[in-house]
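Novice: Handing you this structure, nothing more for now.
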Amino acid sequence: MKKVVRLLILVVLAGAVVAGIYTWKAAHRKASRNNNIVLYGNVDIRQVQLAFDGNQRINLLAVKEGDCVKKGQLLATMNTSLLLPLVQQDQALVAAQRQVVGRLVAGSRPEEIARDRADLSAAVATAHNAQVHLARLRRLIKQEDITRQTLDDAIAIARADSAKARAAAETLQLSILGPRKEDIRAAQATLQADEAQLALAQRNLAECKLYAPCDAVVETRILEVGDMASPGSPVFTLALMNPVWVRVYVPETDLGKIHEGMKATVHTDSYHKNYAGWIGYISPTAEFTPKSIETPQLRTSLVYQVRVYVNNPDNQLRLGMPATVIIPLGAFRVRQSATAPATQR
């Protein structure tokens, strides 16, 4: 009895398969008579996985599954208690180094130059007085009114005062010339290094906020508040709902009838309506008929993947939704006729 039931089930399944193939072929022949290519496939969408570019704990999640987000919308934030002090420290270093560079570039102040000029005048006067005193002692040594030691001490003092006068003159010249160019460039290089460090700290702080890269729908919220975020751990998966495309497979015999940019009509059973689309991609390589696709050819036949893009402003087309694609061949014939004269030449 069980064998009979199994046999009946197999017969029913075989009949259903034959009926389906017959129905598909009839629709295909009708479409061919109407100069159309009918294909069957599923809706595909692009997905984006968003992750923080840092390692901190999450303290805010602003959206959940199913929410529609706009480009630039804040989605989540991380704890900034460790990064904010680093930014403040680098800001202080940059501010201090800018003052150093500004002081070197400005050079000596007029008051400093006046001070060094006054020091030079005093040193010159002291040196002149020492020379006058030495000349007086030279006259006295001839009369043997002083000792030789007194004259030697006066000579040493006169030489020291002359050296101080020359040093004061050099100091005045340096004040007039200002800082060396090498010192200014070294200070500027240090400032650039401090600014780069500040920019890095500010970037790390900005990475504590996660923004939507484009208009999308939150498909999955993977992490929760309190979880440790890292660059390798996505927080959200976003579905880019517009445009979407229908993934279909064209038999090799129909490949020469289509081209990128051709208009197409997409129909779904869910909403019983047609959507305007266009062929946006034709695979350059052939493949065997995939398991999840319906095609009139045998499963060993080669097919080419085609993406038919569709605008989806109302988010009615969902990932994996079955769809029927009708490609009218009128545009193909017009294109052939337009290029025919050039081919003949």
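Novice: How much length is gained on full extension from ALA92 to SER230, taking 0.36 nm per residue of separation minus their Cα-Cα distance?
Specialist: Result: 46.8 nm gained on full extension.
Novice: Based on the Cβ-Cβ distance from ALA106 to ALA160, what FRET efficiency comes out when R0 is 56 Å, to the nearest 0.05?
Specialist: 0.95
Novice: Also: Hey, with R₀ at 25 Å, roughly what FRET efficiency would GLU287 and GLN47 work out to, going by the Cβ-Cβ distance, to 0.05?
Specialist: Using R0 = 25 Å, I get an efficiency of 0.65.
Novice: Between ASP153 and ALA199, what is the label-point separation in nm under the 7 Å Cα-to-beta-carbon projection?
Specialist: Reported label-point gap for ALA199 and ASP153 is 6.7 nm.
Novice: Sort out for me the Cα centre separation of the range 126-147 from the range 164-185, rounded to whole Å.
Specialist: First find each Cα centre; the distance between them is then 35 Å.
Novice: Less than 11 Å from a label point 7 Å out along the Cα-to-Cβ axis of ASN55: which backbone N atoms in the range 218-246 qualify, by residue?
Specialist: Under 11 Å, as judged by backbone N against the label point of ASN55, lie 229-232 of the range 218-246.
Novice: Let me ask another. If the label point is 7 Å along Cα→Cβ of ALA189, which residues in the range 74-103 have backbone nitrogen under 19 Å from it?
Specialist: Residues passing the 19 Å test: 94, 97-103.
Novice: Nearest 0.05, what FRET efficiency do GLU252 and GLU207 give at R0 = 51 Å with Cβ-Cβ as r?
Specialist: Computed FRET efficiency for GLU252 and GLU207 comes out at 0.55.
Novice: I would also like to ask the following. Figure the gain on full extension for LEU74 and ARG138 (residue separation times 0.36 nm, minus the Cα-Cα span) and round it to one decimal in nm.
Specialist: 13.8 nm
Novice: Ranked by Cβ crowding within 10 angstrom, fewest neighbours first, how are ASP314, ASP215 ordered?
Specialist: ASP314, ASP215
Any read-out appearing in this document is the output of simple, stated calculations on the displayed coordinates, not a laboratory observation. Bear in mind that the values here come from a model prediction, so they are computed numbers and not experimental data. Because the Cβ atoms are built from the backbone with ideal geometry, glycine has one as well, and the counts that use them run over all protein chains shown.
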